[in-house]
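All remarks here apply to the structure that follows.
Throughout, read-outs are computed from the coordinates displayed, never taken from laboratory work. No experiment lies behind these values; they were computed from the predicted model shown. Ideal geometry is used to build each Cβ from the backbone, glycine not excepted, and the neighbour counts take in all protein chains shown.
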């Protein structure tokens, strides 16, 4: 194998591949990046759950395939200062040459490197990169970090007529983001494991195309954009019919400035100690809306929030993290906190923003 | 006959000898046999990448290993796990313990077939009372479409009809991945039909329902008196049955006693197998309580279980409610729950046979027969009043042990011999008339409700 290519393109591809390549695999070739220079130049990596294939521009002088450990290759390319890089195979090694530097990397037999099934028989839908990214980022923090219950450890994506809906929940809170997409056809829904969801946003941040292609079947999804194909396993589980838990009626409502809430929660975090609890006392008739946090070690704080209030009096406690995490996904300046009463979930929305819905359960006391 | 799992374990031993250790660990970790369909073995693998690899590189080895164990095996197919546990099973992060969580448990309904995966045979408690229905359902699963078609399950609310028929659907779905199952309530069916007619594509509706291999319709009694919907069901039934597709119905009454149904439909309901799920007996209730407690990961002393089983009569749903209450209470108190606590908790669920007035009995039975309450007390001897009146007398005597003279006196000053005669008559008639026996059962449930 003998190829010449642009360093920048190569580096970008290597860095993306490195993230995907297996970390602690018993098969050494799975921690490698496969450089395939048979039909054009492409780089591949997989950890068996996900896989990536990236085509890069360059000149193929001699066809061939070689596999080298991902971390070593990325370290090498990173340190190169020249604009172009020449890669060639020398016996069982990869020789990297650029502007006077020469590096020899020991290659690994690649016969056991699996094929990455990037071509799917299913129809490819074209999606705007922005909305896909915003949708996943808007809800991913609410998914459970464990895959013990696959549906809760995943992001649920549904294609509706004219919109795409992203939902995630770890059963303590739930985030739903709707991205309008005119021309979207009703399609089937997929569950993307959180880890792959985060990987997708990371990828989307690094591609330039306006639109990306997505195709899914029961077992996997394929994301494609400008010569890049990303494949990951999807979960074939049932997502709970979450609409049922959204309260229909509310007993108390408070509209506050988002920044006030953010500041209050930041302070409350300091004073709440290990518990991370914050209590709200909302008395609409007396026009009182106070947040209280205390711990025996630090002290206590009590903030009164400027708010438009209505409904019944209410004392209710929440976990600070659960409240704070959703606020960055709300684009409007004011947020509406709609309480359904003690022990019932609180609904948070941006004022005049119907695209985002957040549900959080109070503490049990 | 060895099980699929054993077969695969034995095959893996041979495969391991034929590959390197690293390669074996990488490609055969988390694999299993998902099911066997004649000579075809379906091997479940964690991802599509693994699937392609096995197909390309190890297919011969796998087939050889399997065939050496069982020479009837012809082919091997690879499927990606439906919900494969990923290789890493990270412990969930510390969750704030006092935070309440959404009750999602009841919301898992697969939109493709409306089945709730919670209802399975594993969680279905079999007792003497539902043995027949359970056996019939199992027989249906062994030879779908052929054994009993349709399978008709009936019984009062909360006796486990829905659980049983959904379990049939879930089991079928699991064992025949390529077959289509649909669970639908009769109400949903009616709404779908009306919507289809309104939108002007009734034909789509027909095609849509005819594509299923197993159709499960819950609570058929709700489409009583809907002529067109019933006609549609009739045609659907014929179409499915003719192509040996399995149909399962549930209802609260025996098909013959379903009011507001056309005879031809009733006849078809009765054409397969009819199984009743009656009220659970004490032993079954004990078993159910134990099973439910296990699901909660909770335990109670035997004497308390016995006490609940004997005293909380009525349906299983109610029993579940009582148990939830007990579990919740004991978690709140943080210590074992005593006999007295249980007694206090379930006092509202214990139904004494006394404590319901004669007037109330009359009112409910009159309502059941849709006649004026006061006509019972009058001297009228119209046929439609006489029978209910006799049944009232019988019920008062049998269920509440009211004396003959006082029954007579309360029902418009009748002689006690009239009452004795009425009771005897009903008793006698029940021996030969199944329909009457059914009616009495329903009335009994109504009075104790």
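Summary of values
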{"read-out": "Residue order, fewest to most surrounding Cβ atoms within 10 angstrom, among A:208, A:25, A:331", "value": "A:208, A:331, A:25"}
{"read-out": "Distribution of pairwise C-alpha distances over chain A, 20 Å bins, in %", "value": "26, 43, 26, 5, 0"}
{"read-out": "Rg/Rg_ref, region A:2-105, where Rg_ref = 2.2 N^0.38 Å and atoms are Cα", "value": "0.98"}
{"read-out": "Over chain B: helical MRE at 222 nm, DSSP H runs n ≥ 4 each giving -39500 (n - 2.57), nearest 500", "value": "-16500 deg cm²/dmol"}
{"read-out": "Mean ellipticity per residue at 222 nm, deg cm²/dmol - from DSSP H runs of n ≥ 4 across chain A, formula -39500 (n - 2.57)", "value": "-5500 deg cm²/dmol"}
{"read-out": "Chain B: angle of helix B:434-448 to the longest principal axis, Cα-based, in degrees nearest 10", "value": "90"}
{"read-out": "Inter-label distance, nm, simple model (7 Å from Cα along the C-beta direction), residue A:208/residue A:275", "value": "5.4"}
{"read-out": "q = 0.12, 0.17, 0.22 Å⁻¹: log10 I(q)/I(0) that the Debye formula gives for region A:72-126, counting C-alpha atoms only", "value": "-0.47, -0.68, -0.85"}
{"read-out": "Rounded FRET efficiency, nearest 0.05, which uses the C-beta distance separating residue B:369 from residue A:310 and R0 of 51 Å", "value": "0.50"}
{"read-out": "Nearest-ten-degree value, helix B:416-432 long axis tilted from longest Cα axis of chain B", "value": "30"}
{"read-out": "Ranked list, fewest to most other Cβ atoms within 10 Å of each Cβ, for B:298, B:269", "value": "B:298, B:269"}
{"read-out": "Inverse of mean 1/r across different Cα pairs in region A:301-365, Kirkwood, Å", "value": "12.9"}
{"read-out": "Kirkwood estimate for the protein assembly as shown, i.e. one over the average of 1/r between Cα atoms, Å", "value": "32.0"}
{"read-out": "Where the Cα pairs of region A:246-360 fall when distances are cut into 5 Å bins, in %", "value": "2, 13, 23, 25, 22, 11, 3, 1, 0"}
{"read-out": "Gain upon complete extension [residue A:62, residue A:15; 0.36 nm per residue less C-alpha separation]", "value": "14.5 nm"}
{"read-out": "Rounded to 10°, Cα long-axis angle of helix B:383-400 versus longest principal axis of chain B", "value": "70"}
{"read-out": "Which of A:81, B:75 has the fewest Cβ neighbours within 10 Å, and the rest in rising order", "value": "A:81, B:75"}
{"read-out": "Descending semi-axes in Å of chain B, equivalent ellipsoid built from Cα gyration tensor", "value": "52, 30, 19"}
{"read-out": "Equivalent ellipsoid semi-axes - Cα gyration tensor, region A:125-242, angstrom", "value": "21, 15, 13"}
{"read-out": "Translational diffusion coefficient (Stokes-Einstein; Kirkwood radius from C-alpha pairs) of region B:364-449 at 4 °C, 1.567 mPa s, in µm²/s", "value": "100"}
{"read-out": "Translational D in µm²/s for region B:142-288 (Stokes-Einstein at 25 °C, 0.890 mPa s, Kirkwood Rh from C-alpha pairs)", "value": "155"}
{"read-out": "Ratio Rg/Rh, restricted to region B:280-320 and using Cα atoms, in which Rh is the Kirkwood radius", "value": "0.92"}
